[in-house]
Structures are given as C-alpha cells and as structure tokens.
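Note sheet for the following structure.
The values are calculated or read from the model by the stated rules, or taken from the named source; none is laboratory data. Because the structure is predicted, anything quoted here is derived from the model rather than measured. Here the Cβ positions follow ideal geometry from the backbone for every residue, glycine too, while neighbour counts run over all protein chains shown. The accessibility values were calculated without ligands, DNA or RNA, using every heavy atom of the protein model including side chains. Shrake-Rupley method; radii C 1.70, N 1.55, O 1.52, S 1.80 Å.
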Amino acid sequence: MSTIGKVFISHATADAALAKLVVNFLKEAVGVRDADIFCSSLPGHSIPLMEDFNLYLKNQIEQPSIVLALLTPAYFDSDFCLMELGAAWSRSLKTLAVVAPEISFDLVTKTLGLKQAWLINDHSRLSEFRDAFKELALESRSSATWEGKAAEWRKRLPAILRGLPSSKLVSKKDLDAAFFEIETIERASAAEAERLSNLHQELVGRSARKHQELEEENAALRKRLADKEAGLPRAIIVEPERLIALDLQEVLTRARYDVVGVAKSKQEAIIMALAEKPELIVTEIDLADCSSGIDLVNALYPHLECFAIFVTNHPEKLLAGNRPEPIELITKPFSPDNLLEKVAGARKRLIERRALAERQAVR
C-alpha cells in the first residue's frame with residue numbers, strides 16, 4: 001500500500017524547476033521531513049516504479065495535510081493540474097495557493113474562491129509561508145539556518161521565475177474576436193472579404209512577429225542564465241538615450257560581459273544594482289528624471305563591490321567635490337576599443353582590490 005504524503009505539491013510538469021526550489025526550501029528551511037512531501041516531478045518524492053500512475057496520484061490527493069498549488073501560466077494550461085485543484089476543492093482540503101507574478105488574483109479567486117494566496121516573490125511573507133506548516137511534525141531548524149535559506153531563496157527565485165514557460169492557451173476574448181471576424185467575412189461581399197483577408201494576413205504577420213519577439217526574449221533569458229552559470233563579468237548600463245544604451249550593450253555583450261540590466265535613472269539603477277549585484281557600472285552623468293550618475297555611484301559604492309565607468313558628454317562635472325573614487329572616464333562619442341580597454345582595466349583593478357582585501361584579512 002502506498003504511503004500518503006502530508007504535503008502534496010500540485011504543479012505543472014513544465015514548472016519542475018520551480019517545484020524543486022519549493023521542495024528544497026520546505027526541507028532545508030522549514031523542516032518538512034523528506035518522506036512527508038509528494039512531488040510527481042522530483043525523484044524520491046514522485047511515483048515509484050511499477051505503481052499505477054492514476055491510482056497512486058489519486059491516493060496521494062485523498063487526504064494530505066496541505067495541498068501546495070504552484071499557480072503559474074503552465075498550471076492553468078494543464079487539464080491534469082486543474083483536476084488536482086478540483087479534487088482539493090471538492091474534498092475541502094487545506095490548500096495554499098502560491099501565485100506566480102504573471103497570474104492575476106482575479107483568476108485565483110475564480111478558481112479557489114476567497115482563499116488568501118501568497119504572491120511567491122512577496123518575500124515579506126516568507127515567515128507566514130513557514131507558519132502554514134507548523135501543524136506538521138517538523139525537523140528543528142535554527143534561526144541562522146532559516147535566515148540563510150531565506151536569503152538563498154530570495155537570490156535564486158528571480159531566475160527561476162524568468163524561466164517559467166508562458167501560457168499557450170488563447171483567451172476567450174481572443175477566441176470570440178476570431179469567431180466574430182470569421183462571421184463578418186462570411187457575410188461580407190467579395191470585395192469586403194478580400195479586404196478582411198488582407199487584414200487577417202496582417203494580423204497573422206503581427207502574431208508571427210510577436211511570437212518571434214517572445215522566442216528572442218526567451219533565448220536572451222536562457223543566455224543570461226548560461227552567462228551567469230559561466231561566471232561572466234556582470235555589468236549594468238545606466239544611460240538615458242536608448243540608442244546609446246543599445247550600442248554599449250552590444251559592445252559589452254560581444255566582448256563576453258553579462259549585461260544584467262539597462263536603466264535610465266538613478267532610482268531605477270539602484271533597484272537593479274542591489275538586486276543583480278554587478279561588478280561594473282557603465283553610466284552617464286546626466287540621467288533621466290534630472291538624476292545624477294555621480295550620485296548613483298556614490299550611493300552604491302558603500303553597498304556593492306563594484307567599479308564605475310563614466311561614459312559622458314560632460315566630463316567637467318566630475319571636477320566637483322562629490323566625485324566618487326575610483327572611477328574610469330570615457331568622453332562621448334566613445335570608440336568600442338576604448339570602452340573595452342577601460343572596462344577591462346576597471347575589472348582588473350577590482351580583482352586586485354579583492355585580492356588585497358583577502359590578503360589583509362588573512363593577516
């Protein structure tokens with residue numbers, strides 16, 4: 001007879017990476033025992049060999065202590081996932097909805113009713129998430145372990161969310177619009193039908209282009225993840241002019257730098273830098289919203305181990321008393337070779353500074 005897991009992870013197969021992150025967090029941070037977790041996509045927590053798939057899954061959803069539903073676009077695309085959610089609802093099981101940022105709470109309400117859900121990237125509620133499992137027989141975890149695992153969760157979650165697949169389903173609104181267009185064409189005259197056919201082709205072209213754009217975005221995200229795993233030097237670009245920012249990004253990317261973000265203003269850049277922790281900041285002095293690249297670097301230097309390279313039309317502004325140190329300076333218009341030379345020099349100085357700090361720490 002199969003063992004019933006106390007925590008049933010209801011998720012889409014396409015979201016296996018997110019499920020793995022959640023399961024590891026439950027075990028390592030919350031203290032849920034390994035044997036108390038059922039997750040069909042993870043070895044050791046899934047369906048044993050020679051078991052009947054449907055029967056085993058049915059037994060697992062009969063009476064777990066809690067159903068943890070990972071509500072993502074792929075989840076709502078899956079009939080199997082919706083059946084699991086329906087089973088949890090019909091049996092009035094304790095269900096915790098964990099919601100991906102792309103999913104609206106209106107959709108959650110329509111699916112589960114007025115149950116309180118957790119937006120997965122709302123880190124302020126991590127402690128509430130842990131408390132949801134306090135009725136289980138948990139393994140003891142120290143405060144230090146909890147804080148460390150919570151920090152690791154906050155660090156790893158954004159990359160996992162970026163890798164989640166988008167929904168492949170067509171909305172009812174789009175489907176109704178398509179049916180209406182077909183009916184209109186059938187009622188129209190031959191000339192009108194030809195005009196609508198041309199319009200249809202244009203819409204198809206737009207859809208194809210949009211699909212291509214999404215594929216390119218996904219490819220870029222995959223490259224970002226690969227660059228991060230390969231340990232490439234991380235950089236952000238802070239430049240109010242879009243074309244100049246694109247030029248800077250292209251030069252750095254071709255030279256095997258991992259450009260983790262592009263910002264236009266000081267506030268946007270601070271948020272990005274504290275989240276991505278780049279080694280290099282390539283910035284203009286005059287930013288959007290009348291903010292200052294000098295103020296930006298002065299604000300970040302105490303909190304990040306990084307090096308700033310100013311690419312600017314106004315180098316004279318660095319003569320003021322609030323000039324940050326150390327920095328590199330490039331005057332616009334810049335040459336790619338000069339930019340790469342300065343960036344390479346800045347990273348070398350940063351590495352030397354780290355090495356010196358390590359030697360001093362050993363002493």
(request) Determine which single condition Asp176 fails, assuming it passes every other condition in (1) over 19 Å from Glu102 (Cβ atoms); (2) modelled with pLDDT of 70 or more; (3) open to solvent by less than 100 Å² (accessible area, probe 1.4 Å). (result) (2)
(request) Quick one: Cys306 ticks every box in (1) surrounded by 17 or more Cβ atoms within 10 Å (Cβ to Cβ); (2) over 17 Å from Arg234 (Cα atoms) except a single one, so which number is it? (result) (2)
(request) Kindly provide the set of residues from segment 255-276 that are open to solvent by 60 Å² or more (accessible area, probe 1.4 Å) and either outside any loop (DSSP other than H, G, I, E, B) or at pLDDT 95 or above (or both), ordered by number. (result) Lys264, Lys266, Gln267, Glu268, Ile271, Leu274, Ala275
(request) Of the conditions (1) modelled with pLDDT of 75 or more; (2) in a helix (DSSP H, G or I); (3) open to solvent by less than 70 Å² (accessible area, probe 1.4 Å), Arg209 clears all except one; give me its number. (result) (3)
(request) Output the residues belonging to segment 236-254 that are open to solvent by less than 40 Å² (accessible area, probe 1.4 Å) and aliphatic (A, V, I, L, M). (result) Ile236, Ile237, Val238, Ala245, Leu248, Val251, Leu252
(request) Hey, can you tell me all the residues within segment 1-44 that are at positive phi and either at pLDDT 90 or above or of a type in the set (Lys, Arg) (or both)? (result) Gly31
(request) Scan Val297, Val259 and give me the residue that is closer than 24 Å to Pro333 by Cα and touching a Leu at 6+ places or on another chain (Cβ under 6 Å). (result) Val259
(message) Here is a list: Glu217, Glu305. Which entry is within 25 Å of the chain's Cα centre (by Cα), at pLDDT below 95, more than 19 Å from Leu339 (Cα to Cα) and assigned to a helix (DSSP H, G or I)?
(response) Glu217
(request) Check off (1) in contact (Cβ under 8 Å) with a residue 12 or more places away in the chain; (2) under 21 Å from the mean Cα position of the chain (by Cα) for Leu248 and give me the number that stays unchecked. (result) (2)
(request) Go over the candidates Ile271, Ile281, Ile285 one by one and state the one that is hydrophobic (A, V, I, L, M, F, W, C) and closer than 14 Å to Glu325 by Cα. (result) Ile281
(request) Tally the residues that are in contact with a Leu (Cβ under 8 Å, 6 or more places away or on another chain) and free of Cβ contacts under 8 Å to residues at least 12 places away in the same chain, restricting the search to segment 262-294. (result) 0
(request) Report, ordered by the first and then the second residue, all pairs with beta carbons closer than 6 Å, sequence separation of six or more or different chains, a first member in segment 139-155 that is open to solvent by 80 Å² or more (accessible area, probe 1.4 Å), and a second member that is outside any loop (DSSP other than H, G, I, E, B). (result) Arg154/His123
(request) Can you confirm whether segment 101-111 contains a residue that is in a loop (DSSP other than H, G, I, E, B) and of a type in the set (D, E, K, R)? (result) yes
(message) Among the numbered criteria (1) under 17 Å from Ala69 (Cβ atoms); (2) modelled with pLDDT of 90 or more, which one does Arg91 miss?
(response) (2)
(request) Identify, by number, the condition in (1) in a helix (DSSP H, G or I); (2) open to solvent by 50 Å² or more (accessible area, probe 1.4 Å); (3) modelled with pLDDT under 85 that Ala193 doesn't meet. (result) (2)
(request) Kindly provide the set of residues from segment 322-363 that are among the hydrophobic types (A, V, I, L, M, F, W, C), more than 31 Å from the chain's Cα centre (by Cα) and open to solvent by 70 Å² or more (accessible area, probe 1.4 Å), ordered by number. (result) Leu356, Ala361, Val362
(message) Residue under question is Ala16, and the condition is that it be within 22 Å of the chain's Cα centre (by Cα) and open to solvent by 10 Å² or more (accessible area, probe 1.4 Å); does it hold?
(response) yes
